[in-house]
Every structure is written in C-alpha cells, then in structure tokens.
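Undergrad: Starting off with a structure, shown below.
The values are calculated or read from the model by the stated rules, or taken from the named source; none is laboratory data. Here the structure is a predicted model, which is why all the values come from computation and not from measurement. Reconstructed Cβ throughout: ideal geometry from the backbone, glycine too, with neighbour counts over all protein chains shown.
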Ligand code: MN
C-alpha cells in the first residue's frame with residue numbers, strides 16, 4: 001500500500017542570511033541583526049527583526065550595562081534569554097527581571113518608553129550572556145491599542161518532544177503537536193525554541209500560506225540541496241507549502257518562527273513601525289511631547 005502524500009508540500013528555501021557584522025545596542029548588548037524587515041518585510045511578516053545578542057562573556061561590574069530610556073510604537077518586542085539576566089522597566093508600569101529560559105513579551109502598541117539593562121545580580125557576578133530580541137508586527141487595528149506586558153518564566157513554557165525522540169520544542173507561542181504555548185498574540189504566530197539531536201532529520205508541519213524562518217543559534221543543520229546553516233545564520237522559506245525538513249548536523253539550538261502574513265504596508269523609522277509615513281511623523285511628535293509616558297525614577 002502506498003501512502004498518499006499528495007497534500008504534503010515542502011516550503012522551498014528562499015534566502016540564506018549570514019550576517020557576521022555586529023554592533024552594540026547601548027553598552028550591554030553586542031548584537032548581530034540576523035534579519036530586518038527593510039529588505040524582506042512581506043516575506044517574513046509578521047516578524048520584523050531578529051537581534052541576536054552574544055554569546056558574550058561579561059566581567060563582574062557594579063555598572064549598569066544596557067540601553068536607557070527609549071520609545072517603541074506599533075509592534076511587540078519579544079526577549080528570549082539563554083544566558084545572563086535582563087531587567088526591564090516601562091512607562092505602562094510593566095517591568096521585571098528575566099533569566100535563562102524566560103521570555104518577556106512586551107506589546108508596545110500605542111507607545112511606551114522603556115529601559116533594558118543587565119540584571120544587577122548577574123552584572124555583579126559576570127559570566128556568559130546570550131539573548132534574542134524579536135520585533136513582531138501588530139495588525140493595523142491593534143497598533144494604537146493599550147500597551148501590555150507578559151512575563152513568561154521558563155516553568156510556564158511547555159516542552160514537547162519531537163517525534164522519534166529527535167529533540168524537543170519549547171513552545172513559547174502558538175501550538176506544536178497539540179501543545180499550546182503561553183504567549184498571547186494578536187495574530188497567528190508560532191515561536192518554537194528547538195533543540196535537535198545530531199544526525200536526526202526533523203520534519204515540521206507548518207501552515208500553508210504562513211511565513212517560516214529557521215534561525216540557528218548553536219550547532220548546524222542542512223536543508224535538502226543546501227549546504228550547512230550554522231551559528232547565527234537564518235533560512236527564510238517560501239510561504240507556500242506546509243512542511244519544512246532539515247537534518248541536524250550537530251546538537252543544535254534553533255528558533256522556528258512562523259506566522260500569518262499581515263499583508264499591510266510596513267513603514268518604519270527607528271523604534272516605530274507603522275503603516276504610513278504620516279503615522280511615523282505622528283509617532284515622533286507623540287514621543288517628543290511625552291504622550292508615550294515616562295519612566296518614574
Ligand atoms: Mn527597546
């Protein structure tokens with residue numbers, strides 16, 4: 001008997017992004033931007049930006065390392081900590097400290113100002129630091145809604161085994177094999193933090209018509225007919241098709257991002273991402289006139 005596979009189609013690899021240049025965000029985050037919306041926005045929608053900070057080693061210090069007060073409007077910032085600690089405080093009253101395995105899901109929406117620093121306990125001890133910050137776009141109808149802050153700790157994130165014990169998926173947002181992640185989102189999104197074992201082939205069922213991005217943080221994978229994709233490299237797949245398949249060449253840590261494309265214009269400037277140039281001008285005025293609030297010291 002043959003199995004009818006006619007409904008299974010593979011998402012084709014569209015781009016391989018390899019960004020080796022690094023810049024500092026404030027004095028705390030040595031960042032490689034693995035993708036930004038400026039070139040490939042519609043393909044990766046609703047994802048806008050992927051900043052990979054570290055891995056780096058910081059010596060002990062009494063100084064506050066990080067980035068001081070700055071605004072955001074029109075999207076969400078999602079911070080995933082692998083090593084070290086990040087402290088955040090924002091003008092909507094949100095705040096907290098997150099450590100390894102924890103996630104901070106901040107909805108800037110109509111506007112916040114915030115600061116992001118290394119946690120004080122971590123800073124005093126020093127040591128390895130590694131985190132990811134994603135920017136995820138909001139549908140236009142939610143861009144001016146109330147800011148929101150979700151602190152998601154490691155123990156709230158379910159771990160789903162990959163079929164055949166080929167690894168595991170921490171389901172941060174969306175659903176994997178019926179297991180739901182804790183993040184509340186404004187459009188259908190999958191954020192899966194994956195560990196895959198060396199030598200294993202991984203086949204992931206995704207949604208036809210949704211964007212799909214695989215970012216390798218540690219280790220390496222190969223995708224059919226392609227060379228290796230290693231540390232800090234990103235594979236961007238076609239929205240058509242409903243599967244991706246890759247082979248782990250080493251024990252690998254990778255983030256899989258997938259979502260329903262918003263299909264709306266993306267107009268951004270610095271910390272603001274809206275739909276029109278007028279809305280960007282308004283965002284700048286609103287920030288300068290204090291309408292995004294301020295941090296209470
Ligand atoms: Mn920020």
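Undergrad: Would you confirm whether any residue within segment 171-186 is in contact with a helix residue (DSSP H, G or I) (Cβ under 8 Å, 6 or more places away or on another chain), under 27 Å from residue 265 (Cβ atoms) and within 16 Å of the ligand (Cβ to nearest atom)?
TA: No, every residue in segment 171-186 fails to be in contact with a helix residue (DSSP H, G or I) (Cβ under 8 Å, 6 or more places away or on another chain), under 27 Å from residue 265 (Cβ atoms) and within 16 Å of the ligand (Cβ to nearest atom).
Undergrad: Could you please tell me which pairs satisfy a Cβ distance under 6 Å, a separation of 6+ or placement on different chains, a first residue in segment 59-70 that is touching a residue at least 60 places away in the same chain (Cβ under 8 Å), and a second residue that is within 15 Å of the ligand (Cβ to nearest atom) and in a strand (DSSP E or B)?
TA: So the pair list comes out as 69/113; 69/115.
Undergrad: Scan (1) away from the ligand (no atom under 11 Å from the Cβ); (2) surrounded by fewer than 18 Cβ atoms within 10 Å (Cβ to Cβ) for the single condition residue 118 breaks and write down its number.
TA: Among (1) away from the ligand (no atom under 11 Å from the Cβ); (2) surrounded by fewer than 18 Cβ atoms within 10 Å (Cβ to Cβ), the lone unmet condition for residue 118 is (2).
Undergrad: Something else now. Checking the condition more than 23 Å from the chain's Cα centre (by Cα) and modelled with pLDDT of 95 or more, which residue from 258, 289 passes?
TA: One residue alone meets the criteria, 289.
Undergrad: On to the next question. So which of 29, 35, 47, 58 is buried (at least 22 other Cβ atoms within 10 Å of the Cβ) and over 24 Å from residue 202 (Cβ atoms)?
TA: Just one listed residue meets the conditions, 29.
Undergrad: Can I ask one more? Restricting the search to segment 187-211, which residues are within 29 Å of residue 109 (Cβ to Cβ) and in contact with a helix residue (DSSP H, G or I) (Cβ under 9 Å, 6 or more places away or on another chain)?
TA: Within segment 187-211, 187, 211 meet the criteria.
Undergrad: Condition test on residue 111, is it within 16 Å of the ligand (Cβ to nearest atom), at positive phi and at pLDDT 95 or above? Let's see the steps before the verdict.
TA: Numbers: within 16 Å of the ligand (Cβ to nearest atom): yes; at positive phi: yes; at pLDDT 95 or above: yes.
Spelling it out, residue 111 is indeed within 16 Å of the ligand (Cβ to nearest atom), at positive phi and at pLDDT 95 or above.
Undergrad: Assuming residue 64 fulfils every condition listed in (1) more than 16 Å from the ligand (Cβ to nearest atom); (2) in contact with a strand residue (DSSP E or B) (Cβ under 9 Å, 6 or more places away or on another chain) apart from one, which condition is it?
TA: Every condition holds for residue 64 apart from (1).
Undergrad: Filter segment 86-96 down to the residues that are assigned to a loop (DSSP other than H, G, I, E, B) and surrounded by 15 or more Cβ atoms within 10 Å (Cβ to Cβ) and list them by number.
TA: Answer for segment 86-96, where residues must be assigned to a loop (DSSP other than H, G, I, E, B) and surrounded by 15 or more Cβ atoms within 10 Å (Cβ to Cβ): 91, 92, 94.
Undergrad: Can you pull out the residues in segment 242-270 that are within 30 Å of residue 229 (Cα to Cα), touching a residue at least 40 places away in the same chain (Cβ under 8 Å) and not in a strand (DSSP E or B)?
TA: Filtering segment 242-270 down to residues within 30 Å of residue 229 (Cα to Cα) leaves 242-263, 266, 268, 270.
Then drop every residue that is not touching a residue at least 40 places away in the same chain (Cβ under 8 Å), which leaves 242-263, 266, 268.
242, 249, 250, 251, 260, 261, 262, 263, 266, listed by residue number.
Undergrad: Sort out which residues of segment 71-91 are in contact with a helix residue (DSSP H, G or I) (Cβ under 6 Å, 6 or more places away or on another chain) and touching a residue at least 40 places away in the same chain (Cβ under 8 Å), and write them in order of number.
TA: Correct list: 71, 73, 84.
Undergrad: Next question. In the set 277, 254, 232, which member is within 21 Å of residue 78 (Cβ to Cβ), surrounded by fewer than 20 Cβ atoms within 10 Å (Cβ to Cβ) and touching a strand residue (DSSP E or B) at 6+ places or on another chain (Cβ under 9 Å)? Don't jump to the end; show me each part of the working.
TA: Working: 277 fails: within 21 Å of residue 78 (Cβ to Cβ); 254 fails: surrounded by fewer than 20 Cβ atoms within 10 Å (Cβ to Cβ).
Checking each option against the conditions leaves just 232.
Undergrad: Sort through 54, 84 and tell me the only one that's closer than 26 Å to residue 258 by Cα and more than 16 Å from the ligand (Cβ to nearest atom).
TA: Details: 84 fails: closer than 26 Å to residue 258 by Cα.
Of 54, 84, the one residue that is closer than 26 Å to residue 258 by Cα and more than 16 Å from the ligand (Cβ to nearest atom) is 54.
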